[in-house]
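Novice: For reference, the structure I am asking about is given below.
FYI, it's all coordinate maths here, none of it is from the lab. This is a predicted model, so every value here is computed, not measured. Neighbour counts run over all protein chains shown; Cβ positions are idealised from the backbone, glycine included.
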Amino acid sequence: NSLYAFYTRKKVERSSASASMQRGFWVSLTNPKTILFFSAFLPQFASTSSAYLPQIATLSACFLLLAVTMDSCYVLLAAKLKWLLASRDIDRISNGVSGTLFLGAGGILATTNRV
């Protein structure tokens, strides 16, 4: 968004937290990869001897609980490390390390024999 705004010289509009949450919910709900994942992964753990829909609903709720818990941990960790993430020195070091890793991966790919 910010690169596009810079390119077009438009100001990026700030949206409310609830609007962002709602947009994210609908994007996640209609994402074909999510639908494919749940339709391929969850049925493996459902028993054929009992009602299917309650089992899938329970498994989906467990997955949602785990996802929300992990995402909340990421948010809390980022909030604690905000000072570190905002540091120009750390940003420069991070860019150097990631650039070196990408160059190394590119070098390995360039020298690997393909069959």
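Novice: Report the net charge of residues surrounding ASN95, where surrounding means a beta-carbon distance below 12 angstrom and charges are Lys +1, Arg +1, Asp -1, Glu -1.
Specialist: It works out to a net charge of 0.
Novice: Shifting gears a bit: In a GNM of the chain with a 10 Å cut-off on Cα contacts, which of ALA78, ALA67, ALA86 has the highest mean-square fluctuation?
Specialist: It is ALA86.
Novice: Can you tell me the alpha carbon radius of gyration of the chain divided by the globular rule-of-thumb value 2.2 N^0.38 Å?
Specialist: Normalised Cα radius of gyration, the chain: 1.61.
Novice: Ok, one more. Charges only on Cβ, +1 for Lys and Arg, -1 for Asp and Glu: so what's the dipole of the chain about the Cα centre, in debye to the nearest 20?
Specialist: Computed charge dipole of the chain: roughly 480 debye.
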